[in-house]
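In what follows, a single structure is set out as structure tokens and then discussed.
Here, each number is a calculation from the coordinates, and none is a lab measurement. From a predicted model like this one, the values you see are computed outputs, not experimental measurements. Cβ coordinates were reconstructed from backbone atoms using ideal geometry, including for glycine residues, and neighbour counts include every protein chain displayed.
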Amino acid sequence: MKRFALSFLTAVLLASCGVAETITEMNEQASRTADELEGSLGTRPHIGWNVNNGTLTYVNVYFENIDDRSVSVAELSDQVKTAVAETIEQTPAELVVSVAIATN
């Protein structure tokens, strides 16, 4: 029984090291993406992501304060796609670009 418990604990610890490494890597890549978009658009986006079994399934690039007259939706989409392709190692299965628009 002790061997099983020790083996189980070792497996859990090794798996958690991989998870921590994935989180650290993805946060660094997301930060580089945000830096690049802030440089080109003047607004730093919030970037969320999801990894499932080592596969990047989802990236959400959310702009909170962007002047909707300064860039078209197509231009914004193209810039985000380019930045994600250049700074994130895996191609996400889904890429979402969202913008909060002031109603005033």
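A few notes on this one:
- SER77 versus SER31: modelled label distance in nm, points set 7 Å from Cα along the beta carbon direction: 3.1 nm
- Coarse-grained scattering of region 36-102 at q = 0.21 Å⁻¹, given as base-10 log I(q)/I(0) from a Debye sum over alpha-carbon atoms: -0.85
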